[in-house]
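Scroll down for the structure; my scribbles are underneath it.
The values are calculated or read from the model by the stated rules, or taken from the named source; none is laboratory data. No experiment lies behind these values; they were computed from the predicted model shown. Here the Cβ is made from the backbone with ideal geometry for all residues, glycine too, and neighbour counts use every protein chain on show.
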Amino acid sequence: MAAGEPAPDVELKASPTQTVRISGLHGRPVVLAFYPADFSPVCTDQLSLYQTAAPAFAKYDAQVLGISTDGVWCHQAFAQQRGLKFPLLADAWPHGAAAQAYGVLDTDDGLAARALFVLDHQGVVAWSYLSPSGVNPGADGILAALDAMTAKAVP
Amino acid sequence: MRTSLDIQQGQLQMPISRRDHTIGSPDAPVILVEFGDYQCPYCGAAHPVVTALLDERASALFFAFRHFPLTNVHENAQFAAESAEAAGAQGHYWEMHNWLFEHQRQLQPSAVMAAAAAIGLDIDRFAQDLAAHAFLPKVQEDFMTGLRSGVNGTPTFFINGARYEGPATLEALTEAVDEFR
């Protein structure tokens, strides 16, 4: 999934009763953070970082979405434990279909890779990044991409 | 088709300046910046490592510590960071910094106040600065700089401007530092 291409429109469960459709978020920047699994063993994981960084993302009115192949109940427990307020989407069934649509499903283990997509207001991929295995990419690339998009959007 | 945005990641933004608390000479060949959280156990574990590294490579290093409080998981981290800055305003930054890392399970205001008194701070001024959140903007600036630099957890180190990806052990950090000596 390269920059300049429309992001695949997927609809995923955000909770046992709610779904989120990517195209339903047009009109604001969207940050998709694919990650392998809930409950990674360190206290300062990527998703916690994005929660702590929420005020920075809010300045761009950006909607952050975490996506893994875990199910909604697992996501719920994970979000509760880490204090995550942004939606975690369950790419559970068909297993990994969204990750596959974005080209970031690791078919060896059936988990999403650690990949970031920043979508513009029209749902076009403005920036994407596939993180090396085991490396938390941080938030600097996302913020720089949001900056670049904002600069472009100025008439 | 638009070309991809050319975005560099893992590069320290805002070089060390007079705003930072530093150890060593600005002319040292290796500039080490740590982003940390006083309540983070991994930072607590890294603290003696950094202390030993600064001791063993004293002439090679110019070191700065910046705050990266993970406020959603560590309830006292922000307060602790502001306490270090408030002590710094009275010329005792590193004493408070060390005390905080050595007492990670006692970061409640009452214990920090007692520590401030033991360090010899003007307690009224210290309490006033904390109540007014006088140093909150600086802590937040540290945090934002960290986000912009690609801090991806705590502790995160930058060696001569580039994010260090290795483990926070004395052996590994010494080796990384020695590459620039």
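Let me confirm something: among A:A92, A:A33, A:A98, which residue is modelled with pLDDT of 95 or more and assigned to a helix (DSSP H, G or I)?
Values: A:A92 fails: assigned to a helix (DSSP H, G or I); A:A33 fails: assigned to a helix (DSSP H, G or I).
Being modelled with pLDDT of 95 or more and assigned to a helix (DSSP H, G or I) holds for just one of A:A92, A:A33, A:A98, which is A:A98.
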Completion exercise
For A:A90, the lone unmet condition from (1) more than 14 Å from chain B (Cβ to nearest Cβ); (2) crowded, with 22+ Cβ neighbours inside 10 Å; (3) within 16 Å of A:P8 (Cβ to Cβ) is (3)
Exercise for the section: Scan the stretch B:8-50 residue by residue and report those that are without any contact (Cβ under 8 Å) to a residue 12 or more places away in the chain and not in a loop (DSSP other than H, G, I, E, B). Expected result: B:P48
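Search the stretch B:164-181 for residues being assigned to a loop (DSSP other than H, G, I, E, B) and more than 13 Å from every other protein chain (Cβ to nearest Cβ), and hand back the single one that is farthest from A:A53 (Cα to Cα). Walk me through how you get there before you give the answer.
Of the residues in the stretch B:164-181, the ones assigned to a loop (DSSP other than H, G, I, E, B) are B:164-169, B:179-181.
From what is left, the residues that are more than 13 Å from every other protein chain (Cβ to nearest Cβ) are B:169, B:179-181.
Numbers: B:T169: 27, B:E179: 33, B:F180: 32, B:R181: 35 Å.
Checked the stretch B:164-181; the qualifying residue farthest from A:A53 (Cα to Cα) is B:R181.
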Handout entry: Candidate set from the stretch A:134-150 (those that are over 19 Å from A:L47 (Cβ atoms) and either in a loop (DSSP other than H, G, I, E, B) or more than 7 Å from chain B (Cβ to nearest Cβ) (or both)); member that is farthest from the chain's Cα centre (by Cα)
Key = A:T150
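Among the residues of the stretch B:152-163, write down those that are within 17 Å of B:D37 (Cβ to Cβ) and away from chain A (no Cβ under 12 Å).
Residues of the stretch B:152-163 that are within 17 Å of B:D37 (Cβ to Cβ), as a first pass: B:152-158, B:163.
Once the filter is applied, which keeps residues that are within 17 Å of B:D37 (Cβ to Cβ) and away from chain A (no Cβ under 12 Å), the stretch B:152-163 yields only B:F157.
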Problem - Residue match in the stretch B:120-136 (condition: among the aromatic types (F, W, Y) and within 14 Å of another protein chain (Cβ to nearest Cβ)) - result: no
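Answer with yes or no whether B:A64 is crowded, with 16+ Cβ neighbours inside 10 Å, of a type in the set (G, A, S) and under 12 Å from the mean Cα position of the chain (by Cα). Steps first, answer last, please.
Working: crowded, with 16+ Cβ neighbours inside 10 Å: yes; of a type in the set (G, A, S): yes; under 12 Å from the mean Cα position of the chain (by Cα): yes.
Judged against the criteria, B:A64 is a match.
Residue-by-condition table, conditions (1) farther than 21 Å from A:L143 by Cβ; (2) within 11 Å of another protein chain (Cβ to nearest Cβ); (3) at pLDDT below 95; (4) in contact with a helix residue (DSSP H, G or I) (Cβ under 7 Å, 6 or more places away or on another chain):
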| site | (1), (2), (3), (4) |
| --- | --- |
| B:H21 | yes, no, no, yes |
| B:H47 | yes, no, no, yes |
| B:T51 | yes, no, no, no |
| B:R57 | yes, no, no, yes |
| B:A60 | yes, no, no, yes |
| B:N72 | no, yes, yes, yes |
Practice task
Can you tell me which residue within the stretch A:113-133, out of those that are free of Cβ contacts under 8 Å to residues at least 60 places away in the same chain and in a strand (DSSP E or B), is nearest to A:F57 (Cα to Cα)?
Solution key: A:Y129
